[in-house]
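Visitor: One structure follows; several queries about it will come next.
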Amino acid sequence: MVGVLGGTGDQGRGLAYRLAKAGQRVIIGSRAAERAEAAAAELGLGIEGADNAACARRSDVVIVAVPWDGHGKTLEALREELAGKLVIDCVNPLGFDKQGAYALKPEEGSAAQQAAALLPESRVTAAFHHLSAVLLSDPEIEEIDTDVMVLGENRADTDIVQALAARIPGMRGVFAGRLRNAHQVESLVANLISANRRYKAHAGLRVTDI
């Protein structure tokens, strides 16, 4: 079972939809169980909904897709439920002003490193940062042409995340280093947002020669 914390937000909802469409059992979490259940019913595909604690407890793999400003508090509150779980952090610490999006640098170095610090008994990885929520949620789109950068400390864990990404048609998981390299992967989203605004697109990434 894959759980998506923040599964009622655009990114989490889109990931839940794509994974469920690929045949993965999915449960989405929210601070309010009723909100998660309503979103799950709307998505269909056998997706379930629960509050964040139940979502974390029932899942083997947990994707963290909560807003950056609630990232730390959410994970701190779920430390016990996430113990022993494979956690995939896809949160991008970004700020916005009149010039557009820009990267923030957490005290720990990145959102993924903050997650690892807050969840010492979990196996924290980082992935799914560069995906367009618009493309993820569009039922008319069969394949999403993009690579997924995967970071983590343990090869067995990053292999699982890469395989999970590959379940979604058009996607490929690519190992991109240890968690200490997560900041630049998270930050690149600011560049993609700028490109998308200029070209009215939903840009993704492809890594060549591998």
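Visitor: Whether any residue in the stretch 169-181 is within 19 Å of Val62 (Cβ to Cβ) and assigned to a loop (DSSP other than H, G, I, E, B) is what I want to check.
Guide: No - not one qualifying residue is present in the stretch 169-181.
Visitor: If you don't mind, another one. Could you tell me whether any residue of the stretch 41-62 is in contact with a strand residue (DSSP E or B) (Cβ under 9 Å, 6 or more places away or on another chain), under 24 Å from His183 (Cα atoms) and either of a type outside the set (Lys, Arg) or at pLDDT 95 or above (or both)?
Guide: Yes, some residue in the stretch 41-62 is in contact with a strand residue (DSSP E or B) (Cβ under 9 Å, 6 or more places away or on another chain), under 24 Å from His183 (Cα atoms) and either of a type outside the set (Lys, Arg) or at pLDDT 95 or above (or both).
Visitor: Ala165 - would you say it is open to solvent by less than 30 Å² (accessible area, probe 1.4 Å) and touching a residue at least 12 places away in the same chain (Cβ under 8 Å)?
Guide: When the stated conditions are applied, Ala165 passes them.
Visitor: Return the residues of the stretch 174-204 that are open to solvent by less than 50 Å² (accessible area, probe 1.4 Å) and in contact with a Ser or Thr (Cβ under 6 Å, 6 or more places away or on another chain); say none if nothing qualifies.
Guide: Within the stretch 174-204, Ala182, His183, Glu186, Gly204 qualify.
Visitor: While we're here: Which condition breaks for Phe128 when tested against (1) in a loop (DSSP other than H, G, I, E, B); (2) without any contact (Cβ under 8 Å) to a residue 24 or more places away in the chain?
Guide: (2)
Residues are listed down the side, and each one gets a yes or a no for (1) under 29 Å from Ile210 (Cβ atoms); (2) open to solvent by less than 20 Å² (accessible area, probe 1.4 Å); (3) touching a Leu at 6+ places or on another chain (Cβ under 6 Å):
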residue: Trp68; (1), (2), (3): no, no, no
residue: Glu76; (1), (2), (3): no, no, yes
residue: Asn92; (1), (2), (3): yes, no, no
residue: Asp97; (1), (2), (3): no, no, no
residue: Lys105; (1), (2), (3): yes, no, no
residue: Ser110; (1), (2), (3): yes, yes, no
residue: Leu135; (1), (2), (3): yes, no, no
residue: Asp145; (1), (2), (3): yes, no, no
residue: Arg172; (1), (2), (3): yes, no, no
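The values are calculated or read from the model by the stated rules, or taken from the named source; none is laboratory data. Because the structure is a prediction, the values reported are computed rather than measured. Positions of Cβ are generated from backbone atoms using ideal geometry, with glycine treated the same way; all protein chains shown enter the neighbour counts. The protein model used for the area step is the full one, side chains on, heavy atoms only, and it has no ligands, DNA or RNA in it. Shrake-Rupley method; radii C 1.70, N 1.55, O 1.52, S 1.80 Å.
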